[in-house]
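One structure below.
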Amino acid sequence: MTKPVIGVSAYAEMARWAAWNMPASVVPQRYLDKVVAAGGIPVILPAVPRIPRVLARLDGLLLVGGGDLDPARYGAVPHPRNGYVNAVRDEAETALLEWASAGGSSF
């Protein structure tokens, strides 16, 4: 039986490790571990808006938690309690959600 391939969205953040301190696509390890524990194969999806060749090979999609969506994306005024907003990630995850909502064929 073939294991399902699950795309896991990544954060676009500054990251520091070894001699590096630069923008990176990162995912908390626990999300990947949970996909493996459920019998899947996790594939990290970088925070870029459109990656159709990779998406066509996925069996599922996991959008990991994070900060708030920018209220401007849906025509609302920001609330004082809005948390961390990341426009790059919002754009990438919105594209992933549109792709999944269209049955994996919107690109």
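Structural remarks
One line per residue, one yes/no per condition, for (1) surrounded by fewer than 14 Cβ atoms within 10 Å (Cβ to Cβ); (2) touching a strand residue (DSSP E or B) at 6+ places or on another chain (Cβ under 8 Å); (3) among the polar types (S, T, N, Q):
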| residue | (1), (2), (3) |
| --- | --- |
| A19 | yes, no, no |
| P23 | yes, yes, no |
| D33 | yes, no, no |
| V43 | no, yes, no |
| G65 | yes, no, no |
| H79 | yes, no, no |
| G83 | yes, no, no |
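- E13, sole failed condition from (1) loosely packed, with under 14 Cβ neighbours inside 10 Å; (2) among the charged types (D, E, K, R); (3) outside any helix (DSSP H, G or I): (1)
- Condition check for I6: within 12 Å of the chain's Cα centre (by Cα) and surrounded by 18 or more Cβ atoms within 10 Å (Cβ to Cβ): yes
- For the condition over 14 Å from A100 (Cβ atoms) and free of Cβ contacts under 8 Å to residues at least 60 places away in the same chain, I6 does not qualify.
- Set R57, R30, R81: member being closer than 30 Å to M1 by Cα, over 12 Å from the mean Cα position of the chain (by Cα), part of a loop (DSSP other than H, G, I, E, B) and without any contact (Cβ under 8 Å) to a residue 60 or more places away in the chain: R57
- If you filter the range 33-54 down to residues that are assigned to a helix (DSSP H, G or I) and modelled with pLDDT of 90 or more, you find that the one that is farthest from A12 (Cα to Cα) is A37.
The values are calculated or read from the model by the stated rules, or taken from the named source; none is laboratory data. It should be emphasised that the depicted structure is a prediction, and the values quoted were computed from it without experimental measurement. Reconstructed Cβ throughout: ideal geometry from the backbone, glycine too, with neighbour counts over all protein chains shown.
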